[in-house]
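The values are calculated or read from the model by the stated rules, or taken from the named source; none is laboratory data. Everything numeric here is computed off the predicted structure, so don't read it as measured data. Here the Cβ positions follow ideal geometry from the backbone for every residue, glycine too, while neighbour counts run over all protein chains shown.
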Amino acid sequence: MLYLKALHIIFVVTWFAGLFYMPRLLVYIREADEKGQSPDVRNQLILMADRLLYIITWPSAILTFVFGNWVLFEAGYHKIIFTAPGSWLAVKYVLVLVLYGYHFSLVHIFRKLKVGKLKMTSFALRLYNEIPTVLLIAIVMLVVVKSNISAVYGIIGLFILIAVLMTASYLYRANRKKVNHE
């Protein structure tokens with residue numbers, strides 16, 4: 001059982017590595033397009049994103065799903081998921097479904113970006129990049145503290161985190177514009 005949990009955690013970590021780096025590559029591709037950089041730069045970034053997506057991120061997402069559900073049944077968590085003591089697990093599964101939705105959206109965004117049909121700006125992609133951070137914190141908090149966390153405090157904490165991340169993103173953008181104009 002511990003080996004299953006370890007494998008689940010390993011693939012969660014590698015999946016998140018992909019989910020954190022993929023949007024950064026999308027930002028760089030978009031910026032290469034916006035700045036009119038050479039096609040070689042764009043092609044190299046697309047190659048890197050392709051490899052990240054299909055060699056690391058997708059396999060990790062699939063193995064996270066396999067080992068996560070294996071742990072769910074092996075540990076007997078499936079018996080409590082829809083009970084009061086297992087409510088944290090139900091919420092975790094909802095957040096994980098949102099995370100898979102985010103993963104699929106990255107694939108869609110990447111496909112559109114590759115053919116030059118993406119409308120999102122590099123800044124919008126930077127903001128989009130913060131979604132897995134919020135989900136990671138929420139999921140880890142749920143798993144660690146389980147039902148001991150107050151839903152109200154959890155929601156307040158997430159809103160504060162989102163506000164901090166948004167503020168940091170806007171400050172970064174303002175600083176970047178200032179540096180580029182000097």
Sole residue being free of Cβ contacts under 8 Å to residues at least 40 places away in the same chain and surrounded by 15 or more Cβ atoms within 10 Å (Cβ to Cβ), chosen from Leu106, Leu142, Leu161: Leu161
Wholly within the stretch 80-182, helices (runs of 4 or more DSSP H) carrying at least 2 residues that are out of contact with any helix residue (DSSP H, G or I) (no Cβ under 9 Å at 6 or more places or on another chain): 87-114, 131-145, 151-181
Count of residues meeting criterion [small (Gly, Ala, Ser) and modelled with pLDDT of 75 or more] in the stretch 145-182: 5
Which numbered condition Arg126 misses (of (1) closer than 21 Å to Arg24 by Cβ; (2) under 17 Å from the mean Cα position of the chain (by Cα); (3) exposed (fewer than 11 other Cβ atoms within 10 Å of the Cβ)): (3)
Test: residue in the stretch 47-70 that is in contact with a helix residue (DSSP H, G or I) (Cβ under 7 Å, 6 or more places away or on another chain), loosely packed, with under 14 Cβ neighbours inside 10 Å and within 23 Å of Val145 (Cβ to Cβ): no
Tabulated pairs, the stretch 54-75, first touching a residue at least 60 places away in the same chain (Cβ under 8 Å), second buried (at least 17 other Cβ atoms within 10 Å of the Cβ) and not in a helix (DSSP H, G or I), C-beta under 7 angstrom, 6+ apart or interchain: none
Criterion violated by Ala138 - all others in (1) at pLDDT 80 or above; (2) among the small types (Gly, Ala, Ser); (3) more than 29 Å from Tyr77 (Cβ to Cβ) satisfied: (3)
Selected residue (only one of Phe104, Phe67, Phe82 is among the hydrophobic types (A, V, I, L, M, F, W, C) and at pLDDT below 95): Phe82
Single match in Arg51, Arg30, Arg24 (criterion: within 22 Å of Arg126 (Cα to Cα), charged (D, E, K, R) and under 15 Å from the mean Cα position of the chain (by Cα)): Arg24
